[in-house]
Amino acid sequence: MATVKLRAPLKDLAGGNREITIDGTSVGQVLRELEHQHPKITGWVLDEQGRVRRHVNVFVDGERVKEDAPVEPDATLHVLPSISGGGR
Amino acid sequence: MTELLVGTKKGLFVLDGEPGAEKPFDVAARAFPGNEVEFAIRDTRSGRYFASVTSGHYGPRVMYTTDPGGEWEQTTGLAFPEGDDWSLERIWSIRPGEADGLLYAGVAPAALFSSMDGGLTWELNRALWDQPTRSSWQPGAGGLCLHSIATWPGDPQRLAIGISAVGVWLSDDAGESWRHGNAGLVPRYIPEDSQGDTIDLCVHNMHRAPLRPERLFMQFHGGVYRSDDAGETWNPIAEGLPSDFGFPMVVDPGDPDSAFVIPLVADTDRVTTEGRVRVFGTRDAGTSWTSLSAGLPQDEAYLTILRQAFDHEGEGQGMGLYFGATSGDVFGSGDAGASWFAVRERLAPVNSVRVA
């Protein structure tokens, strides 16, 4: 099981959980399962086409990756806002 | 008491006050700090407030509540079909429909969504989405946006929508099918010999006159128009205005001969004309226009008023008019524009203003 680490506002949408353990072999699969378990987060990290949003960064064990990156069973995923997205 | 919903680049401001009281409205609530609020309305049928909120990181969504100072919930269904390679960029407009529980949302890239349950869940209008010309649709400067939704009072079958920059679309079957309604529109930004058959038509705003629903008024990208045949054909009515470019538009629901616009210099200089903030109104269907500027800044005032940042309350000579600028200033009138007052100064850049 991979561990997904979240911060506000995603943490709040996931029922206040900072860490959630989820099965999945790719980033996209893990994040879809996160949406399944916590429907309020749907659309926040992945767009409707399953792509990580342009101004969201996903790190797997310290490496910034996209939705098609593999996830090992003991991996840690951080989902963070990117620096670039706050300009609105 | 008047309640205004002011969508800004830095959240939603709920303003309360009395028009004409000569004191600023109070900020009753601020919601979604740090997020852009594109548009907000209150559906008077249900009492629900809706806000189109775009996070710079996490994308767009519509939120709802019955208490704008309290908790907001997400609506669901505002997303494009998987596999179409499109993703929702922005929700431009939300409008109650002509049936119980019916609402519409206009979004970018240009699409119409409808809700049958009072705005809690939404569904894509496939007939417009599947238009065969879609791949050639061109965006305006603000994106490929469906911003104007003109319902027909009492008849949910009839709709007119405006898209920047794909013109007017009409439906007589509640959105099951669509056709163009562009005859008479002149896109001066396209070579003359290509104007006749183009659909690259940059509608900026469009409103129906409720008491005479076959009449529509339009602010175009260079031109102000009126249609008297439900949007099939359009006639220019901009003569007498200092500029025929602009975005905001209001009609008086009690007077089908009325329209109000706020002209900007041009597409190359989107500020109020002559450094003066002026609303122009017509009460003769566009034959003549009157400057309505008493109380508005008239000295080196170069404001930009965006598409959705102008609204009305009531009707007739006592109609309230309210607009906000990207300067963060909001102005109001309690006498249909005869005199104006400062509703609030120095808010964040204003995207939208609606009377709750």
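Values quoted throughout were computed directly from the atomic coordinates according to the rules given, and no laboratory measurement underlies them. All of these numbers come straight from a predicted model, not from anything done at the bench. Because the Cβ atoms are built from the backbone with ideal geometry, glycine has one as well, and the counts that use them run over all protein chains shown.
Using only Cα atoms, locate the centre of region B:20-61 and the centre of region B:161-195, then give the distance between them in Å, rounded to an integer.
Answer, in whole Å: 30.
Can you give the helix-only mean residue ellipticity at 222 nm for chain B, where every DSSP H stretch with n ≥ 4 adds -39500 (n - 2.57) and the sum goes over all residues, rounded to the nearest 500 deg cm²/dmol?
Rounded to the nearest 500, it is 0 deg cm²/dmol.
From the residues B:205, B:133, B:341, which one has its Cα farthest along the dipole of chain B in the positive direction, the dipole being from +1 and -1 charges on Cβ of Lys/Arg and Asp/Glu about the Cα centre?
Most positive-ward Cα: B:341.
Based solely on its DSSP helices, what 222 nm [θ] is calculated for chain A when runs of n ≥ 4 H residues each add -39,500 (n - 2.57) and the sum is averaged over all residues, nearest 500 deg cm²/dmol?
When only DSSP H runs of four or more count, the value is -4500 deg cm²/dmol.
Net charge near residue B:70, counting Lys/Arg +1 and Asp/Glu -1 over other residues with Cβ under 13 Å of its Cβ?
Around residue B:70, the charge tally is -1.
Starting from the coordinates of the alpha-carbon atoms of the protein assembly as shown, obtain the Kirkwood hydrodynamic radius over all distinct pairs and give the value in Å to one decimal.
When all Cα pairs of the protein assembly as shown are included, the Kirkwood radius is 22.7 Å.
Return the sequence-ordered ³J(HN,Hα) values of region B:193-209 in whole Hz as given by the Karplus equation 6.51 cos²θ - 1.76 cosθ + 1.60 applied to θ = phi - 60°, using x for Gly and Pro.
Computed from phi, the couplings for region B:193-209 are 6, 10, 5, x, 10, 7, 10, 7, 10, 8, 5, 9, 6, 8, 9, 9, 8 Hz.
By per-residue mean of other Cβ atoms within 10 Å, what is the highest-first order of B:96-108, B:252-264, A:10-22?
Ranked from most to least packed, the peptides come out as B:252-264, B:96-108, A:10-22.
Relative contact order for chain B using alpha-carbon pairs under 8 Å, separation at least 6, rounded to a whole percent?
Contact order relative to length: 13 percent.
Can you pull the Kirkwood radius for region B:279-356, inverse mean 1/r over Cα pairs, to one decimal in Å?
12.9
List the lysines whose Cα sits under 23 Å from the Cα of residue A:40, skipping any in the same chain fewer than 8 residues away.
In chain and number order, the partners are A:5, A:11, A:66, B:10.
Shielding by partners for B:74-82, please: the mean number of other protein chain Cβ atoms within 10 Å of each residue's Cβ.
3
How much of the calculated P(r) for chain A lies past 17 Å, in percent of all Cα pairs?
Counting every Cα pair in chain A, those more than 17 Å apart make up 40 percent.
Limiting things to C-alpha atoms, what are the Rg and the maximum Cα-Cα separation (Dmax) for chain B, in angstroms?
Calculated on Cα positions, Rg and Dmax stand at 18.9, 56 Å.
Over what distance in Å are the Cα centres of region B:296-313 and region B:239-283 separated?
Region B:296-313 and region B:239-283 have Cα centres separated by 10 Å.
Just checking the output field for B:47-56: average partner chain Cβ neighbours within 10 Å of each residue's Cβ?
If you average over the peptide's residues, the count of other-chain Cβ atoms is 2.
Taking the highest mean first, how do the peptides B:210-218, B:19-27 order by number of other beta carbon atoms within 10 angstrom per residue?
My ranking of the peptides, most packed first, is B:210-218, B:19-27.
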